[in-house]
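J.: Quick one: the structure is below, questions incoming.
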Amino acid sequence: MLLVRETQEFGGSIFQVRIHGRGGQGVVSGAEMLSVAAFLEGYHAQAFPSFGSERMGAPVVAFCRIDNKEVRLREPVMMPDALIVQDPTLLHQVDLFKGLDTCGYLLINTRRSYRDLGLGDYVKRFPPHHISTVAATEWAQEYIGRPLPNVALLGAFAAVTRRVKLESVVAAVRQKFPGKLGDDNAAAAAKAYDSIRTN
Amino acid sequence: MSDMTAEQKVKFYQKGTFTAGNRLVDQARRSVQASMERSNAITSGHRACQGCGEALGARYALDAAMRATEGRLIAVNATGCLEVFTTPYPETSWQVPWIHSLFGNAAAVAS
Amino acid sequence: MLEQIEGSQAAAKAIALCRPEVICAYPITPQTHIVEGCAELIRVGAIQNCEFINVESEFAALSVAIGSSAAGARTYTATASQGLLFMAEAVYKAAGLGLPIVMTIGNRSIGAPINIWNDHSDSMALRDAGWIQLHAETNQEAADLHIQAFKLAERLSVPVMVCMDGFILTHAYERVSIPNQAQVDAFLPSYQPRQVLDPADPYTIGAMVGPEAFMEVRYLAHDKLLQALSVIPEIQQEFKEIFGRESGGLFHSYRVENAETVVVTMGSVAGTVKDLVDELREDGAKVGVITLCSYRPFPLDGLRYALQGASKVIVLEKSLALGFGGVLASDVRMALQGVDTHVHTVIAGLGGRPITRKSLARLFARVERGEVKDPHFLDLDIDIVRREIDNQRSQITAGPIAENILREIGPCGPKAV
């Protein structure tokens, strides 16, 4: 007789990330770089976008799974262990938090506080060190001269979740961006990382 | 069938100025884009980026075609940007009958 | 070397290592990244002695490939969905002429309604044209199958389609071991055409064959594909000897030993099914999964043998024969004819609808309880469908089906997120 657990429980070693943003903010390449960072540490990682005919500004979602064995699952990430929100204007338009458990991690790209974003009560259910706001767009503007928050958010991700090291994020970033651009992006990631670690 | 086909007029957002549709020139020389009665075959709400050249170009072509056919026009659209951004299900920007077929047969379908 | 890389790029690198001499392709989502990758590799000199030809359509792409292959050049192209159908006439031609062209299919559904997401309807539409059709389960296998494909195609003088799920594999980053040139050179000798257009030794290729000989010609093509049933495992073994891993072959069996229920499927969804199989096994269920790699030729005997212990077979497929039912399921039933095994048809993932563990788990439980009718459409919104059917019955000018459905569903986004 086939016994089937009807509720999905992801036990074990897998760590699932879902990144929300808008087209043009580097959501997809952020997920890809995260997977490269995990790979460089010897993990198996999978990254893919939720595909669509997007254009600049349209909501975009990308996913990354990290595990110490082969990732075979192909469905979108329904139960993220970590949620990264690259654009807070999505907050009341898209159901961003679907599937995020109260022991998960939450990172939002904003200079405002969670309370100012109307999420004060929502974040109370999380361990305080699991949630963070990151002024990623501002760091990006300062270090790379463009408001592309994805790399800074990855630095913050490393700091908050400790699932990948900052140096892996930096290596992944340098793999994608050569020369000075790589240096600048790496600095943005490091800045975001430090801003969290020192809080 | 569909009850949502009340024809939408074109909206000029820059009221009180003369900048839209070369209204600085005298009446006789203005193009059809200056007119409030301009046919609005592709209405607003499509998913193109603001200022998209294709959307603008398509509008101009349609204005001319609508004048030439006195509004009795059917549009046949090939697979491409225009088709995708004007018809994001379940909505459409088209106020004229429109059909999308394939990549390379728009002219044949129109025939 | 192990790399974290996009599936398309892994395929491009694998193709580059096979030393193609002509690459001709027309872009179409979701394969464009592959040929762009190839073009870039040629541009930087990673592929030597290769001519990249920009063509005006998919029909032109395969036509150029036919000419190139007939002239003795190792030739590669790629397409998907509408593009594959646009070159349909040439697909039959290439097979009929026995030209060992390798073509990637980034599996994508076929319109109308236009849809850019993954299902298997495109390669299924041309399953009887005489090409070998191999389906990759992972990006590693996709890269490996391209390398095996050239050898297979040239050994038999049959064109080969390597099918990769569009977006799910083509656009996913995962770890792939990219071989080195020495390994590929050891595995894949240079192309020795069986027939070639050469002024020094003229052949006539593509003569007309009348009723007096056509059946024999077709039979021989069929026989050639049946020979492939032995050659594919041989090449799988030769590949393993040089590259050190299992890749390709007729099909993969996972936890099928002592399984009472076996899922049969193709392509990337097998990964999701394997995760579910592990979960079910932990709960004591005796379930396994077979992932077909060679869809054409179809391993009737091999599958029949592999399924002999199963009392239930669930065929999970991303294809649908309108007005008939399951495509893969029918093939599986043919393999099992005369055997008393219940075969369930599950149509899933059409047009890119995600296939989730949760839905599959729920379905399998219902199959166990005998509650599932055949064919079953996974995650079908039955209410919407019933309303539309009633709508159609009550009105003559009911409007186009797709538009009505989508008006019911409302503003859309990716369904699972």
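The values are calculated or read from the model by the stated rules, or taken from the named source; none is laboratory data. Computed from a prediction, not measured in an experiment: that's the story for all the values here. Counting neighbours? That spans all protein chains shown, and the Cβs are built from the backbone with ideal geometry, glycine included. Heads up: the accessible areas ignore ligands, DNA and RNA and are worked out on the full protein's heavy atoms, side chains in. Shrake-Rupley method; radii C 1.70, N 1.55, O 1.52, S 1.80 Å.
J.: Taking the residues in the range B:46-74 that are under 30 Å from A:G57 (Cα atoms) and acidic (D, E) as candidates, determine which candidate is farthest from the chain's Cα centre (by Cα).
T.: B:E54
J.: Something else about it: Among the residues of the range C:307-324, are any over 30 Å from C:A402 (Cα atoms), free of Cβ contacts under 8 Å to residues at least 24 places away in the same chain and not assigned by TED's automatic domain parsing to the domain that holds C:L134?
T.: no
J.: With respect to C:E368, determine if the residue is modelled with pLDDT of 90 or more and out of contact with any helix residue (DSSP H, G or I) (no Cβ under 9 Å at 6 or more places or on another chain).
T.: Spelling it out, C:E368 is indeed modelled with pLDDT of 90 or more and out of contact with any helix residue (DSSP H, G or I) (no Cβ under 9 Å at 6 or more places or on another chain).
Every residue, every condition in (1) of a type in the set (D, E, K, R); (2) within 24 Å of C:Y173 (Cα to Cα), yes or no:
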| position | (1), (2) |
| --- | --- |
| A:C103 | no, no |
| A:D116 | yes, no |
| A:L153 | no, yes |
| A:V164 | no, yes |
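J.: Restricting to the range C:149-166, name every residue that is open to solvent by 10 Å² or more (accessible area, probe 1.4 Å) and either out of contact with any Lys or Arg (no Cβ under 8 Å at 6 or more places or on another chain) or within 14 Å of chain B (Cβ to nearest Cβ) (or both).
T.: C:K151, C:R155
J.: Quick one: is C:G399 within 14 Å of chain B (Cβ to nearest Cβ) and part of a loop (DSSP other than H, G, I, E, B)?
T.: yes
J.: With the condition kept exactly as written, say whether any residue in the range C:274-285 is in contact (Cβ under 8 Å) with a residue 60 or more places away in the chain and within 25 Å of C:K224 (Cβ to Cβ).
T.: So far as the range C:274-285 goes, no, none of its residues is in contact (Cβ under 8 Å) with a residue 60 or more places away in the chain and within 25 Å of C:K224 (Cβ to Cβ).
J.: Picking from C:L303, C:L360, which residue would you name as being within 30 Å of C:E403 (Cα to Cα), outside any loop (DSSP other than H, G, I, E, B) and in contact (Cβ under 8 Å) with a residue 40 or more places away in the chain?
T.: C:L360
For every residue, the table says whether it meets (1) surrounded by 13 or more Cβ atoms within 10 Å (Cβ to Cβ); (2) away from chain B (no Cβ under 14 Å).
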site: C:T341; (1), (2): yes, yes
site: C:L360; (1), (2): yes, yes
site: C:V367; (1), (2): yes, yes
site: C:L380; (1), (2): yes, yes
site: C:R386; (1), (2): no, yes
site: C:I389; (1), (2): no, yes
site: C:I405; (1), (2): yes, no
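J.: How many residues are exposed (fewer than 15 other Cβ atoms within 10 Å of the Cβ) and of a type in the set (G, A, S) when one looks only at the range B:52-78?
T.: 6
J.: Applying the selection to the range B:95-107, what residues are within 13 Å of chain C (Cβ to nearest Cβ) and open to solvent by 60 Å² or more (accessible area, probe 1.4 Å)?
T.: B:P97, B:W98, B:I99, B:L102, B:F103, B:G104
J.: Just checking, does the range C:269-290 include any residue being in contact with a Ser or Thr (Cβ under 8 Å, 6 or more places away or on another chain) and within 19 Å of C:S177 (Cα to Cα)?
T.: yes
J.: I'd like to check something: does the range C:346-353 contain any residue that is more than 25 Å from C:G271 (Cβ to Cβ) and either open to solvent by less than 60 Å² (accessible area, probe 1.4 Å) or modelled with pLDDT of 95 or more (or both)?
T.: Looking through the range C:346-353, none of the residues is more than 25 Å from C:G271 (Cβ to Cβ) and either open to solvent by less than 60 Å² (accessible area, probe 1.4 Å) or modelled with pLDDT of 95 or more (or both).
J.: So C:Q237 fits all but one of (1) part of a helix (DSSP H, G or I); (2) polar (S, T, N, Q); (3) on the phi > 0 side of the Ramachandran plot; what number is the exception?
T.: Failed condition: (3).
J.: Right, next: List the pairs whose first member sits in the range C:13-35 and is under 15 Å from C:T79 (Cβ atoms) and in the same structural domain as C:F52 (by TED's automatic domain parsing), whose second member is assigned to a loop (DSSP other than H, G, I, E, B) and of a type in the set (D, E), and whose Cβ atoms are under 9 Å apart, counting only residues at least 6 apart or on separate chains?
T.: Between residues of the range C:13-35 that are under 15 Å from C:T79 (Cβ atoms) and in the same structural domain as C:F52 (by TED's automatic domain parsing) and residues that are assigned to a loop (DSSP other than H, G, I, E, B) and of a type in the set (D, E), the close pairs are C:Y26/C:E56.
J.: Are there any pairs with C-beta distances below 7 angstrom linking a residue in the range A:178-199 that is small (G, A, S) to a residue that is not in a helix (DSSP H, G or I), with the two at least 6 apart or on different chains, and if so which?
T.: Going by the 7 Å Cβ cut-off, the qualifying pairs are A:A192/A:V134.
J.: Can you confirm whether C:G248 is within 14 Å of another protein chain (Cβ to nearest Cβ), within 26 Å of C:R296 (Cβ to Cβ), open to solvent by less than 50 Å² (accessible area, probe 1.4 Å) and of a type outside the set (F, W, Y)?
T.: No.
J.: Restricting attention to the range C:218-233, which residues are touching a residue at least 60 places away in the same chain (Cβ under 8 Å) and either more than 16 Å from C:L300 (Cα to Cα) or not assigned by TED's automatic domain parsing to the domain that holds C:R127 (or both)?
T.: Passing the criteria: only C:A221.
J.: Of all residues in the range C:80-103, count the ones that are in contact with a Ser or Thr (Cβ under 8 Å, 6 or more places away or on another chain) and not in a helix (DSSP H, G or I).
T.: The total comes to 8.
J.: Residues that are open to solvent by 30 Å² or more (accessible area, probe 1.4 Å) and closer than 23 Å to A:F15 by Cα: list the helices (runs of 4 or more DSSP H) wholly contained in the range A:141-199 that include at least 2 such residues.
T.: Of the helices (runs of 4 or more DSSP H) lying wholly inside the range A:141-199, those with at least 2 residues that are open to solvent by 30 Å² or more (accessible area, probe 1.4 Å) and closer than 23 Å to A:F15 by Cα span A:166-176, A:179-197.
J.: Pick from C:L41, C:L85: which is at pLDDT 95 or above and within 14 Å of chain B (Cβ to nearest Cβ)?
T.: C:L85
J.: Looking only at residues that are away from chain C (no Cβ under 11 Å) and open to solvent by less than 60 Å² (accessible area, probe 1.4 Å) in the range B:79-94, which one is farthest from the chain's Cα centre (by Cα)?
T.: The selected residue is B:F85.
J.: Can you spot a residue in the range C:105-128 that is of a type in the set (S, T, Y), open to solvent by less than 20 Å² (accessible area, probe 1.4 Å) and at pLDDT 95 or above?
T.: Yes; the residues of the range C:105-128 include at least one that is of a type in the set (S, T, Y), open to solvent by less than 20 Å² (accessible area, probe 1.4 Å) and at pLDDT 95 or above.
J.: Mind listing whichever residues of the range A:88-113 are within 14 Å of chain C (Cβ to nearest Cβ), under 14 Å from the mean Cα position of the chain (by Cα) and either outside any loop (DSSP other than H, G, I, E, B) or within 24 Å of C:I168 (Cβ to Cβ) (or both)?
T.: A:L96, A:L100
J.: Additional query: Go through the range A:37-75 and give me each residue that's among the aromatic types (F, W, Y) and out of contact with any strand residue (DSSP E or B) (no Cβ under 9 Å at 6 or more places or on another chain).
T.: The answer is A:F51, and nothing else.
J.: Taking the range C:254-273, which residues are without any contact (Cβ under 8 Å) to a residue 60 or more places away in the chain, more than 14 Å from chain A (Cβ to nearest Cβ) and buried (at least 16 other Cβ atoms within 10 Å of the Cβ)?
T.: C:V256
J.: What number goes with the only condition from (1) closer than 30 Å to C:T29 by Cα; (2) within 14 Å of chain B (Cβ to nearest Cβ); (3) at pLDDT below 95 that C:V417 does not pass?
T.: (2)
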